[in-house]
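Chemist: One structure coming up, written as structure tokens, with questions to follow.
The values are calculated or read from the model by the stated rules, or taken from the named source; none is laboratory data. Computed from a predicted structure; not experimentally measured. Here the Cβ positions follow ideal geometry from the backbone for every residue, glycine too, while neighbour counts run over all protein chains shown. These area figures cover heavy atoms from the full protein model, side chains too; ligands, DNA and RNA do not enter into them. Shrake-Rupley method; radii C 1.70, N 1.55, O 1.52, S 1.80 Å.
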Protein chains: 2
Amino acid sequence: MKTNYPLDQEVDHHEASSSRDITTPTKQLVITRVISSLDLIMRIIGVIGTLASAITMGTTSETLPFTVQSNLFRAQYDDLPTFTFFVIANSVVCGYLVLLSLPISIFHVIKSEAKISRIILLIFDTVMFGLLTAGASAAAAIVYLAHKGNASANWSAICQQFYSFCELISGSLIGSFVTAIMLMLIIITSAIAISRP
Amino acid sequence: MKTNYPLDQEVDHHEASSSRDITTPTKQLVITRVISSLDLIMRIIGVIGTLASAITMGTTSETLPFTVQSNLFRAQYDDLPTFTFFVIANSVVCGYLVLLSLPISIFHVIKSEAKISRIILLIFDTVMFGLLTAGASAAAAIVYLAHKGNASANWSAICQQFYSFCELISGSLIGSFVTAIMLMLIIITSAIAISRP
């Protein structure tokens, strides 16, 4: 069997020198690295979005300088449980993105062939996408109600009184929805990266 | 080089006859088929959930038999834009699950090694998961408000008057949230199926 060795090596060499086998893994690696870098950029945008949303919603308050007929003189996010949930959801997603996902995402840029860590990250991303979408949509429903009111349910549009508070909380939804879209794209690109051999 | 051929074949034969190479693809196939079947079952649960939610929310109405101080005598889903969005979101997701995802899911059970169709389905699943979560959460925020009211914003709890209407719309949220959880599990199992060689 000793005589097989040189031939065996020759077969290996022959296989390795075929053009398909040399270029494809390099090309694959470049594509996977591009996907990993995009993933990292989208996560950084997500961090900024959720942080901006949580801070805007959490710090905004408006006190009316005069007494009105309504029993509402000072508007703040914790007046409405939905806005509290919005702040919590954004904080949790922001914390996850910074503490867990960014380090693993940087690891993926360096080590492109990692697969199990990508699946674990995809599971967390999906859960966080659900949490953030839930928080943002619930807040959007209440903000819409605050702007328009509802005649059928006899709910008045409080934005007529708290104009600047309403402007700020409406703006805070943007960061949250941008991050939700980023997380959706992250899930899709992760799936493509996982599918690569 | 002609003498290499028998040796080359011998090497191939040796590789093919190793136990790892014979059993692993069959085992892989069984696991992928189990995942595909689970995927199909979860989609069927999803269809039932969204259909039940859309029908419950869409058909519920309550007319009060007496005149009350409030200007609200008849409650129906289209009184609140959020509930209309909820019905639309559930209908769209239900339509997608039945018309597009079920046929492809059945195809995946038969042809387990399909990958590109799995990625395409995962992209749609992610978008539908976002849509359904948004619809369900927005409706939940309004249902919560209808039950509890909000003293700060001077919004009254309309469920005190429309008790049976509120019970039914609260129940209709369940199907929607169950489907959202199913879609989350579908995305995760799809990613695992995609990762399989």
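Chemist: Note down the nm distance, to one decimal, between modelled labels 7 Å out along Cα→Cβ at B:Tyr163 and at B:Ile48.
Modeler: 3.1 nm
Chemist: Another question, then. Using the alpha-carbon centroid of each, what span in Å lies between segment A:95-165 and segment B:106-126?
Modeler: Result: 27 Å between the Cα centres.
Chemist: For segment B:157-171, list residues with backbone N below 19 Å from a point placed 7 Å from the Cα of A:Lys148 toward its Cβ?
Modeler: What the label zone holds, given the 19 Å backbone N cut-off, is B:158.
Chemist: Let me ask something else about it. Estimate the FRET efficiency between B:Ile88 and A:Ile88 by the formula 1/(1 + (r/R0)^6), using the beta-carbon distance for r and 25 Å for R0, to the nearest 0.05.
Modeler: The formula returns an efficiency of 0.35 here.
Chemist: Also, quick follow-up: Taking only protein heavy atoms into account and a 1.4 Å probe, give the accessible area per residue of segment A:43-197 in Å².
Modeler: Computed with neighbouring chains in place, this is 42 Å² per residue.
Chemist: Could you work out how far apart the two model spin labels at B:Val30 and A:Ser156 are, taking each label as a point 7 Å from the Cα in the direction of the beta carbon, and quote it in nm?
Modeler: Calculated label separation equals 7.0 nm.
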